[in-house]
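The values are calculated or read from the model by the stated rules, or taken from the named source; none is laboratory data. This is a predicted model, so every value here is computed, not measured. Every residue, glycine among them, receives a Cβ derived from its backbone with ideal geometry; neighbour counts consider all protein chains shown.
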Amino acid sequence: MISNPLVFAATSDIAGRTRGKAFPVLELDKRLKRGIGWTPTNVMITCFDAIAPSPFGSLGDLLLIPDPEARVEVDFADGGLVEHFMLGDITDLDGRPWDCCTRSILKAALERLRSCGGIQLVSAFEHEFQMLDAGEVLPDAYSLRGFTRRRQLGEALMAALAQAGLTPDTFMKEFGPNQYEVTNGPAQGHRSADQAVILRELTRMAAQRCGEQVTFAPILDPTSVGNGVHIHMSFLDGNGSPATYDENDPFGMSKLTGSFIAGVLKYLDSIVALTAPSDISYLRLTPNRWSAAYNNLGFRDREASVRICPTTSADPEKIARQYNFEYRAADAAASPHLALASILNAGAQGIEDGLPTPQVTQENLSVLSEAQLSDRGYKRLPQSLEEALLRFEQNDVVTRWFPDGFASIYTAHKRAEIAHLSDRTVKERCAAYSKVY
């Protein structure tokens with residue numbers, strides 16, 4: 001069959017979807033300069049392909065400009081087409097970043113972090129997903145048999161990640177029914193969010209090549225486990241040296257790290273609307289799910305919203321390079337760029353305000369009363385998307401981190417998503433999201 005090879009230019013939008021347009025590869029040099037046309041109201045397309053009430057209407061024009069450093073070209077060597085796509089930035093016609101471009105919002109947050117702390121971010125996204133229509137569910141948590149059933153997918157995915165310029169790390173059978181986890185190595189700046197988008201899309205592509213379907217939906221069954229996204233973070237100073245660790249702190253946090261995490265915890269209940277942004281995300285963010293339910297920092301505690309991760313050395317220099325913490329109140333309904341930007345802005349606020357290092361928990365907070373939690377400064381995270389949206393839009397500090405008008409656009413978008421599901425049962429809502437993510 002005749003063919004004019006195409007490349008897809010993409011953005012990760014506020015619905016957490018990878019959308020864009022394709023054009024002939026022969027026009028790539030031109031498109032790197034001039035981009036492709038984009039429409040403001042596209043930002044109001046929900047994950048269910050309905051258009052939320054739009055302040056833009058049918059007016060306006062934008063450009064989606066692909067980034068050659070975020071180019072993916074993967075040949076699965078199975079006789080099928082080569083997968084070819086690029087991530088990019090949305091700008092106005094004069095080249096200025098558009099206020100609702102998630103990638104540009106993240107770049108601004110990274111610049112704020114550099115300005116207030118003199119540091120650059122190193123981060124990685126850890127993903128859980130489940131197989132759809134996978135037939136019989138076997139008791140295979142963490143088992144060799146469970147891995148072997150999806151070995152072809154795992155090996156194809158690892159090869160695809162390497163071709164795309166990522167660093168493949170692990171692939172494993174997770175605890176849940178037909179649930180797996182895939183991780184990749186860290187990257188600096190906005191590249192880790194780019195890589196999270198690339199990993200999700202290549203996982204879907206690899207599964208399709210293996211005759212299967214996967215979903216990163218936050219939860220498929222309210223009585224079972226959910227699928228989280230854990231964002232690991234550490235810092236480098238202006239000389240490229242580790243800046244996250246201090247061997248004199250009981251839990252290893254540098255003063256800057258402590259202030260950053262304190263900011264995240266202070267504003268966590270107001271940013272979770274952007275990091276766990278689906279109607280069903282809050283079924284997962286409950287106590288005793290190895291998820292996140294309170295605004296606490298835990299030491300090697302998988303129930304904490306922010307966790308200090310283990311290191312595997314006794315050498316202080318090696319510990320400093322390994323030392324990191326992870327944000328656990330996130331899932332794949334969120335754009336990686338917008339989720340990371342929200343966390344970084346909260347942390348930067350903590351640094352700017354000189355917040356003290358928070359207390360570290362090593363206990364089950366769910367057994368404490370509300371009065372006990374309040375006395376210790378802990379809050380239960382929102383228990384619905386609507387509650388999370390209210391906390392977001394009513395927090396003037398948080399909404400000021402984003403461009404003018406962004407908060408109202410985001411909340412209108414998400415409330416349209418909620419309305420789309422208003423007449424459905426919890427199980428039907430889970431099923432609807434399973435087809436999206």
_Just the residues that are without any contact (Cβ under 8 Å) to a residue 60 or more places away in the chain and either touching a helix residue (DSSP H, G or I) at 6+ places or on another chain (Cβ under 7 Å) or not in a loop (DSSP other than H, G, I, E, B) (or both), please, taken from segment 388-410._
L390, E393, D396, T399, A407
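Restricting attention to segment 1-49, and to residues there that are acidic (D, E) and surrounded by fewer than 16 Cβ atoms within 10 Å (Cβ to Cβ), which single residue is nearest to Q195 (Cα to Cα)? Walk me through it before giving the result.
The first filter runs over segment 1-49 and keeps only residues acidic (D, E), leaving 13, 27, 29, 49.
With surrounded by fewer than 16 Cβ atoms within 10 Å (Cβ to Cβ) added as a condition, the list becomes 27, 29, 49.
Details: E27: 25, D29: 23, D49: 24 Å.
Per the criteria, the residue is D29.
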_Taking the criterion of being more than 19 Å from the chain's Cα centre (by Cα), surrounded by 24 or more Cβ atoms within 10 Å (Cβ to Cβ), in a loop (DSSP other than H, G, I, E, B) and not hydroxyl-bearing (S, T, Y), would at least one residue in segment 267-277 satisfy it?_
no
*Can you spot a residue in segment 323-330 that is over 21 Å from T286 (Cβ atoms) and under 18 Å from the mean Cα position of the chain (by Cα)?*
yes
*asked:* Criterion first (of a type outside the set (V, I, T) and closer than 30 Å to T46 by Cβ) does S291 satisfy it?
replied: yes
*Looking at S259, is it in contact with a Leu (Cβ under 9 Å, 6 or more places away or on another chain), outside any helix (DSSP H, G or I), surrounded by 23 or more Cβ atoms within 10 Å (Cβ to Cβ) and among the small types (G, A, S)?*
no
*Please enumerate the residues belonging to segment 364-393 that are in contact with an Asp or Glu (Cβ under 8 Å, 6 or more places away or on another chain) and farther than 30 Å from L421 by Cα.*
N364, L365
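The rows are residues; the columns are (1) assigned by TED's automatic domain parsing to the domain that holds Y245; (2) in contact with a helix residue (DSSP H, G or I) (Cβ under 7 Å, 6 or more places away or on another chain); (3) part of a loop (DSSP other than H, G, I, E, B).
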site	(1), (2), (3)
L64	no, no, no
D94	no, no, yes
L121	yes, yes, no
E126	yes, no, no
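Residues are listed down the side, and each one gets a yes or a no for (1) over 21 Å from L338 (Cα atoms); (2) touching a residue at least 12 places away in the same chain (Cβ under 8 Å):
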| residue | (1), (2) |
| --- | --- |
| S12 | no, yes |
| I36 | yes, yes |
| T39 | no, yes |
| T46 | no, yes |
| D49 | no, no |
| L62 | no, yes |
| P66 | no, yes |
